[in-house]
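Working notes for the structure below.
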Amino acid sequence: MENAQRTSKGGWEKVLLLALFFLLFFQLVSDFIESIYTFGLLGTSIPPEIGAVVLFFSPLGLLAVRHSFSRRVLAILMGAAALLRALEVSLSGSGRLLASGAGVGCVFFLLPLLVQQEDSDALETGGGLALGLSFSILLRALTAGSDATLVHPELSWALAIMVLVLLVLLERAELSALSQSERLPASFGKVAAWSIGLMGVLAVLYFAFVSPVVLARWTEADFRLVLLFLAAALGLYLAAFSSGILGRLSKTQLLVWNGLFLLSGTVAILLNQVSFPFESGAYPLDQLPSDFWQKLPLFVMIVLSPVVLLNFTWLVREMQAHKTSPRMLGGGFALASLFLLVIVFGQAFTTVYDYIPVVGPWFRDRFWLVFLLAGLGMALPLLLVKSRPVVRRLPALSAVIFPLGLAALLTSVVAAVITVPHPVMPAEDDILRVVTYNVQQGYSADGRRAYDEQLAVLRELQPDIVGLQETDVARFSGGNADLVRTFAEGLNVYSYYGPRTVTGTFGIALLSRYPIQNPRTFFMYSVGEQTAAIEAEIAVAGVPYHVLVTHLGNDGPIIQQRQVLARLAGKQNVIAMGDFNFEPTTEQYMLTLQSLADAWVLAGSPPTAGFDPQERIDYIFVSPQLSVRSARYVISPASDHPALVAEIVTGIP
């Protein structure tokens, strides 16, 4: 059987094409899930568009196929996927949902066929995945955690053209094949297990590594350091993989490696989660700062992360060593698609559990379990893999793919370093301009991704301090992007993100042109969705201000506002802002005015056209002794909430 593993004559072109395929896979899955989620933002229940997930089950189409597809059919499907990805980034709403969904259908149908095509090679496929991951990391590092092709759609067309060119080149190449008679028989149970294992690899990569900012947000670790460790680990893996060294690894060693990886990742999450008490008297509850020991398991996991890529090569090699019909592949990968969807919805439910009847609450505080489930889906099928070490080198991998992957990783690190904000201390002024803005997780009032439009709103207001709400970052629902990093880099300001993303909360953030001192997060008592607030000190011309940003739960529960006010008691020069979710006629509002002043009222602000002041829920409250020169609400379709800007007199002569 060892002689059955062969080298195709496609060379570097084929490995590069596979790399672009896996990049397309991650991009389309990310965009499709994000598109479905944006429809959910427009309501409070499960959107009917969630039915589009049936496109994940396109492998079921193989149940009607008796013979393998020709290379030309595979090329047409891959070209279609590339063109659909290039098209959907320029669309919005149902158009984007339809195009990205069709693209997902193509790549999910293609995946089992690429794994089992007669001219396929496990090392080429594994090398393609490693290179595709490197490309994804680069595209995310270039644009603050978002895929650069979403920010610059022309890049997606360039990638599509590259795919088409490579398909043409490979169409002319003669590729060696492995006769089906040389393959071992396989049961459907084993094929299904290996299929789930392959999808488990892709799920783990999508969960954390395709967009490394995800890892940084788990523990409040420095993104540059996370990226440096990941780039080093993957660079060493590419070198070892290209040279054939990893082919000497035994199955036992591989399983131990997997166990250490899963253990360190699960511990990293558990150490950074918060155990929420059920008693209201236990709140407000502080999120303790993440120290060295809480971050250490994360970096151990990052160092061990190349095992995920190695698992893929082992599983592909095992599948290629066995006879599998299109029907077996269709059924196996349909189950694998179901497994991926469980992971996707499971992670989403850890945040939106309060909106999902019956099932949702079970996922509260179980972010660690979703990660572990993805990892077990990847690792357990290895028990059904026979140890077949491959000790050989592929010229294309060592001569072209390794340098290309290493260059992508090094460029990612450089990009992360040079794009970090370097705020310039503002010139002394007698006005401190403060803005609170609920950005609806980066989406417009009609559900479009609106990072640029929201950033334009903030730039026009020229704020010194910004409080953001619904800034969920580094999660499946938002394409694993980082809205806060995007705004911080775009405004060149300091930033602090609220609850770590492994807690089941919606995001809040604080941005400032002045250094943010002693930032911390605390949680209020919540019956439904978990709520939190940020506190920090910001000194302006030697005058310290106590700044708070929060987002109360639905209807602004009075117990949450009481706990917020308790934290502000006795503080001087308070600026408390956010989406408080209560109107000026409520008991919560009256309670707040007993110790703080409404900046909009204090400034004697005139009415805003098309805006009913009695329906306000976004506020800036200040200490009564502070002088507010002006305050106004800014209505924009960039979000479903208006931005509120207040000019506070600092007293500088």
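Each row is one residue, and each column tells you yes or no for (1) over 26 Å from Lys571 (Cβ atoms); (2) in contact (Cβ under 8 Å) with a residue 60 or more places away in the chain; (3) part of a strand (DSSP E or B).
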{"residue": "Pro607", "(1), (2), (3)": "yes, no, no"}
{"residue": "Tyr619", "(1), (2), (3)": "no, yes, yes"}
{"residue": "Gln625", "(1), (2), (3)": "no, no, no"}
{"residue": "Val628", "(1), (2), (3)": "no, no, yes"}
{"residue": "Ala631", "(1), (2), (3)": "no, no, yes"}
{"residue": "Leu644", "(1), (2), (3)": "no, yes, yes"}
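If the condition is being more than 18 Å from Val400 (Cα to Cα), polar (S, T, N, Q) and touching a Gly at 6+ places or on another chain (Cβ under 9 Å), then segment 202-246 contributes only Ser211.
Filtered by the rule that a residue be under 19 Å from Ala597 (Cβ atoms) and either modelled with pLDDT under 95 or touching a helix residue (DSSP H, G or I) at 6+ places or on another chain (Cβ under 8 Å) (or both), segment 545-557 gives His546, Leu548, Thr550, Leu552, Gly556. Please verify whether Thr324 is in a helix (DSSP H, G or I), at pLDDT below 90 and buried (at least 21 other Cβ atoms within 10 Å of the Cβ), treating the condition exactly as stated. When the stated conditions are applied, Thr324 does not pass them. The residues of segment 564-580 that are under 20 Å from Leu285 (Cβ atoms) and surrounded by fewer than 23 Cβ atoms within 10 Å (Cβ to Cβ), listed by number, are Leu565, Ala566, Arg567, Leu568, Ala569, Gly570, Lys571. Scanning segment 76-101 for residues that are crowded, with 20+ Cβ neighbours inside 10 Å and either small (Gly, Ala, Ser) or over 26 Å from the mean Cα position of the chain (by Cα) (or both) yields Ala81, Ala82, Ala86, Ala99, Ser100, Gly101. Set side by side, the residues Leu263, Leu246, Leu202 differ, and just one is of a type in the set (A, V, I, L, M, F, W, C), crowded, with 17+ Cβ neighbours inside 10 Å and at pLDDT 95 or above, which is Leu202.
Of the residues making up segment 68-105, those that are assigned to a loop (DSSP other than H, G, I, E, B), within 17 Å of Gly479 (Cβ to Cβ), touching a Pro at 6+ places or on another chain (Cβ under 9 Å) and not polar (S, T, N, Q) number 1. Being part of a loop (DSSP other than H, G, I, E, B) and within 22 Å of Arg433 (Cα to Cα) is true for just one of Thr503, Thr486, Thr471. Which residue is that? After applying the criteria, what remains is Thr471. Evaluating Phe278 against the criteria (1) in contact with an Asp or Glu (Cβ under 9 Å, 6 or more places away or on another chain); (2) not in a helix (DSSP H, G or I) leaves one unmet condition, (1).
Checking each residue in segment 576-593 for being part of a loop (DSSP other than H, G, I, E, B) and either over 19 Å from Val549 (Cα atoms) or outside the structural domain of Thr436 (by TED's automatic domain parsing) (or both) picks out Thr585, Thr586. For segment 31-63, residues that are part of a helix (DSSP H, G or I) and either of a type in the set (S, T, N, Q) or modelled with pLDDT of 90 or more (or both) total 16.
The values are calculated or read from the model by the stated rules, or taken from the named source; none is laboratory data. These figures come from a predicted structure and were not determined experimentally. Glycine gets a Cβ as well: all are built from the backbone with ideal geometry, and neighbour counts include every protein chain shown.
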